[in-house]
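Structure record follows, encoded as structure tokens.
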Amino acid sequence: MFELTKEQLEYKEKVRDYAQKVVKEYAKTMDEKNEGGEKIVRDFGEMGLLGMKIPPQYGGLGLGEVAFAIATEELGAESGGASHSLHTQLNALQLLVSVGGDSAKTWIEDGVKGKEIYAVALTEPGAGSDLGALQTTAKLEGNELVINGEKIFTSGASFSTKMVVLARTSGNPGDRQGISLLLVDTKTPGIEVHKLDLMGIRGAGVSYVKFNNARVPKDSIIGKEGDAFRGAIKALMVSRNGYAGIAVGIARGALEDAVNRAASRKQFGKSLLEQEWISFNLADALVKVEASRLLTMRAAYMLDKGIEALTEASMAKYMAAVTAAEVSRTALHIFGGHGLNRGSKVERLYRDAKIMEIAEGTNEMQLIAVSRALQPKK
């Protein structure tokens, strides 16, 4: 049976307390204004919790992926945007650790403290999640790198101080060699940031970014030049489970609100919770939320043990995203017309869930990873 350690339980209480006292109300502002994710990152930095899964040698707590799954779930239960903002910072830090290691120590430590807020610029309009096909280039001219290209769905870009960017410094699209990880100032001339007005995960700074002859020092490269592909893939594999945590949180938050609504609202002389079809639907939702959490925790536990868990993390991510969409839809039905009010929590979580289902639940790489489990054992 999976059990949290005493340290993990104490950590969980701290994050839940923050989610209940701060995020619960702040989520409304994030959704209405489509901004504010930087507060979540800075707050975690001030609480000393931002380095939850980062090794102690880089100023982190070293609590691992289980702690990360806990944090994303607790925040996700109140706001997908808040949880996604935290995830982006940890995703960037994971990239710096995996690709740069000790050479990026100062940047990692600053990120753990919240002194620097990072955006993650990986996905491109024509390449999607296929990192080998990226076309953004960073060509050396004297002592500078000149960056040209486009990035889409760049999380955290609208409020970040620095961007973690994957760009091709040599080779051709399709080559795995020649890809480098760069750390650049978001305010660098030649970088345009256009915040996207998404239906969900609002406030997380998701943006379209264009690099038009943006010049940065050649020492902006993190780690070894042209050798970032393997480290980036490893970092993204680890970070997949954080997305599962966000979706589990969204599903849990929607379920909790639905149960409370069903218990308090009466119809035909008894509460909705006593109506058979309502109770059956909620029971089904509970099973799926619990199953999604267990899949997420299993993958996190394996990662903490140093076991490759691409298939397990992908299963968790897929199951959690689908569950978030199903449960939030059920919750919306239970609330009826009241749930359709723009900005109500259940309506907001429904929009957050739809983003997760589209962006995470149907990812081709993820389904390929899951399909590995179907291969005959030799």
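The order of 333, 194 by accessible area, most exposed first and with a 1.4 Å probe, is 333, 194.
Heavy-atom accessible area, probed at 1.4 angstrom with all protein chains present, ranks 187, 28 as 187, 28, highest first. Counting only protein heavy atoms and using a 1.4 Å probe, the accessible area of residue 165 comes to about 0 Å². Projecting label points 7 angstrom from Cα along Cα→Cβ for residue 143 and residue 264 puts them 6.4 nm apart. Annotation for residue 340 and residue 307: the two label points, set 7 Å from Cα along the Cα-Cβ direction, are 4.8 nm apart.
The angle separating the long axis of helix 24-33 from the principal Cα axis of greatest extent in the chain is about 60 degrees.
Could you list the residues of segment 289-307 with an amide nitrogen less than 17 Å from a label point located 7 Å from the Cα of residue 102 in the Cα-to-C-beta direction? No residue qualifies, since no backbone N sits under 17 Å from the label point. Cβ-Cβ distance of residue 219 and residue 10, R₀ of 56 Å, FRET efficiency by 1/(1 + (r/R0)^6): the value works out to about 0.90. For segment 158-263, give the percent of accessible area contributed by carbon and sulfur heavy atoms, probe 1.4 Å, rounded to a whole number. Accessible surface attributable to carbon and sulfur in segment 158-263 totals 48 percent. Take residue 227: with every protein chain present and a 1.4 Å probe, its accessible area is about 80 Å².
In the context of the full set of protein chains, the chain has a per residue accessible area of 44 Å² (1.4 Å probe). Counting pairs of alpha carbon atoms under 8 Å apart in space and at least six apart in sequence, what relative contact order in percent does segment 49-187 give? RCO, segment 49-187: 18 percent. Radius of gyration (Cα atoms) of segment 1-69, expressed as a multiple of 2.2 N^0.38 Å: 1.25. Spin-label model, residue 329/residue 177: points 7 Å from Cα along the beta carbon direction are separated by 4.8 nm.
The C-alpha atoms of the chain define a longest principal axis, and helix 345-356 lies at about 40 degrees to it.
Of all the C-alpha pairs in segment 129-252, what % are more than 22 Å from each other?
The share of Cα pairs beyond 22 Å in segment 129-252 comes to 39 percent.
How much of the accessible area of segment 1-141, probe 1.4 Å, is carbon plus sulfur, in whole percent? The computed percentage sits at 46. Charged side chains reduced to their Cβ positions (Lys and Arg at +1, Asp and Glu at -1) give the chain a dipole of some 320 debye around its Cα centre.
Any chance you could run the full-extension gain for residue 279 through residue 47? It's 0.36 nm times the residue separation minus the Cα-Cα distance, nm to one decimal.
Length difference between fully extended and current span is 79.6 nm.
Scoring 7-13, 320-326, 343-349, 204-210 by mean Cβ neighbours within 10 Å over their residues and listing the highest first yields 320-326, 204-210, 343-349, 7-13. Exceedance of the 21 Å cut-off in Cα-Cα distance is limited, within the set 234/317; 24/317; 21/317; 151/187, to 24/317; 21/317.
Hey, if you drop one equal point scatterer on each alpha-carbon of the chain and run the Debye formula without solvent, what base-10 log of I(q)/I(0) do you get at q = 0.09, 0.11, 0.12 Å⁻¹? Listed by q, the Debye log ratios stand at -0.50, -0.73, -0.87.
For the cross-link pairs 39/305; 39/105; 218/305, the ones whose C-alpha atoms lie over 30 Å apart are 39/305; 218/305.
As I understand it, the value is the acute angle between the Cα axis of helix 65-76 and the longest principal axis of the Cα atoms of the chain; what does it come to in degrees, rounded to 10? The helix 65-76 is inclined about 60 degrees to the chain.
The values are calculated or read from the model by the stated rules, or taken from the named source; none is laboratory data. For clarity, every value in this text was computed on a predicted model and none was experimentally measured. Methodologically, a virtual Cβ is constructed for each residue, glycine included, from the backbone with ideal geometry; neighbour enumeration extends over all protein chains shown. When the accessible area is computed, the model is the full protein with side chains, heavy atoms only, and any ligands, DNA or RNA have been set aside. Shrake-Rupley method; radii C 1.70, N 1.55, O 1.52, S 1.80 Å.
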